[in-house]
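Undergrad: Dropping the structure in here first, questions after.
What follows is calculated from the coordinates using simple rules that are stated; it is not laboratory data. For clarity, every value in this text was computed on a predicted model and none was experimentally measured. Heads up, the Cβs are rebuilt from the backbone with ideal geometry, glycines too, and the neighbour counts pull from every protein chain shown.
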């Protein structure tokens, strides 16, 4: 463990809460808007620190299985792009779509979990696939 | 800076209209990287006129857009053709020393999409807006091209090639965007009608009052092309502001927009053509988000919102996957 408490996420949230509670109400106009954007960005970072590594590993594993190849996540994504350009994969390919949907949903859970398409897709998929651990 | 601007504006009015005028309440409305907007009143001995100044700022635009003089001429032609737009007063020339811009009447009202979709005061406006959009589009698409300045011609094929080129130049490898380009390649519609296309017809570019749309803004993407493009663009999920089930700007249904358009005298609209343009529009917005992010990353526009908007690219990836599946 390289650091003491607070953890990176806890520290980030402390900064975010401070800006939101103490600084934001004192600003107006463009400055307020820019700080709101900054606060949102810290929210993105907090979610990424929490789940990013795990999402990246899952994406890499799915890519490996889909492509039948080994490599870093970046290498495999490049290979996937090449194969899409060469039409070895198309938009009619359910396995490809499934992988890309999972990747897009993971990204959205970090970038903007309030986005309507994300929220409605999440509600749909949990209705379609009842969780087995309940 | 705003004092110089006020002095130059006063001279520009005096040169054109002879009278001494006073410029009052000059205020910057937005500090966009590609355009500047100012509001002000011009006071003469008889009247006080509420006006807007719009001019280019330094930063590079995503796609080739009209310069403000050309834009003002398209906007004037639209005004003559019965489209609700702010009436152009005059475009600047070199003597004005006011940059590349123009002055138009100020139309009061709301432009923010979420407010228009949510607030009670716009309930009546929302109820009529699909029909109103249809009637406005009929007028835009019926404008005699002879009344317009020479505009770029951009059909489906040209737009797709342009987006594909922009994507490749970023050097990013995004599987969803590759797939969208593949889908679009397979769905390019045959050469459509060639009419004036607004090019940025969406919620956010309408000034709305309690009774409905008062003015259509932002004509700098106007071109000659496929009228279905304006239908596709207004249906891009990013402009629905959460109201997904209303594919037209979060307030209307596409089938109603099409039927009102045809009833109002517009030519038949093919929903498949519209779908092509919605997918293309969604990809385009995703690329604009990336473009903004790179403006920050390259040091061209050191503004935090440019950096952060890069993370909105993922919204269009999810929307593209849904759109390609026909959802």
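Undergrad: For residue A:8 and residue B:43, FRET efficiency with R0 = 60 Å and r from the beta-carbon atoms, rounded to 0.05?
TA: 0.55
Undergrad: Continuing with this model, one more query. Going by alpha carbons, how many degrees (0 to 90, nearest 10) lie between the helix axis of B:156-170 and the longest principal axis of chain B?
TA: Tilt of helix B:156-170: around 90 degrees.
Undergrad: Something else about it: What angle, in degrees between 0 and 90 and rounded to the nearest 10, separates the Cα long axis of helix B:254-263 from the longest principal axis of the Cα atoms of chain B?
TA: Value to nearest ten degrees: 60.
Undergrad: Rounded to the nearest 5, what % of the DSSP beta bridges within the protein assembly as shown are antiparallel ones?
TA: 95
Undergrad: For residue A:31 and residue B:57, what is the calculated FRET efficiency with R₀ set at 30 Å and r taken between the beta-carbons, to the nearest 0.05?
TA: In this case the efficiency is close to 0.95.
Undergrad: Which whole-number percent gives the relative contact order of segment B:113-324, counting Cα pairs below 8 Å spaced six or more residues apart?
TA: 25
Undergrad: For residue B:115 and residue B:244, calculate 0.36 nm times their separation in residues minus their Cα-Cα distance, and state this gained length in nm to one decimal.
TA: Gain in length upon complete extension: 44.9 nm.
Undergrad: Given an 8 Å cut-off on Cα distances and at least 6 residues of separation, report the relative contact order of chain A as a percent.
TA: 19
Undergrad: Please work out the C-alpha center-to-center distance from segment B:30-61 to segment B:125-156 and express it in whole Å.
TA: For segment B:30-61 versus segment B:125-156, the Cα centre distance is 25 Å.
Undergrad: While we're looking at this one, here's another question. Could you calculate the contour length gain from residue A:54 to residue A:93, that is, 0.36 nm times the residue separation minus the distance between their Cα atoms, to one decimal place in nm?
TA: Value of the extension gain: 11.5 nm.
Undergrad: Which ordering of B:277, B:183 is given by a fewest-first count of other beta-carbon atoms within 10 Å?
TA: Least crowded to most crowded, the residues run B:183, B:277.
Undergrad: Give the relative contact order (percent, whole number) for segment B:73-165; include only Cα pairs under 8 Å separated by 6+ residues.
TA: 29
Undergrad: If you don't mind, another one. With axes computed from alpha carbons, what is the tilt in degrees of helix A:8-18 against the longest principal axis of chain A, rounded to the nearest 10 within 0 to 90?
TA: Here the helix axis deviates by roughly 40 degrees.
Undergrad: Related question: For B:129, A:101, which order do you get if you count the other beta carbons within 10 Å of each Cβ and list the fewest first?
TA: A:101, B:129
Undergrad: By count of other Cβ within 10 Å, fewest leading, how are B:121, B:247, A:75 ordered?
TA: Ranked by crowding around the Cβ, least crowded first: B:121, A:75, B:247.
Undergrad: What ranking do B:220-227, B:111-118 get when scored by the average of other Cβ atoms within 10 Å per residue, highest first?
TA: Those peptides, ordered most packed to least, come out B:220-227, B:111-118.
Undergrad: Give the Kirkwood hydrodynamic radius (Å, one decimal) of the protein assembly as shown, defined as one over the mean of 1/r across all pairs of different Cα atoms.
TA: Across the protein assembly as shown, the inverse of the average 1/r is 24.3 Å.
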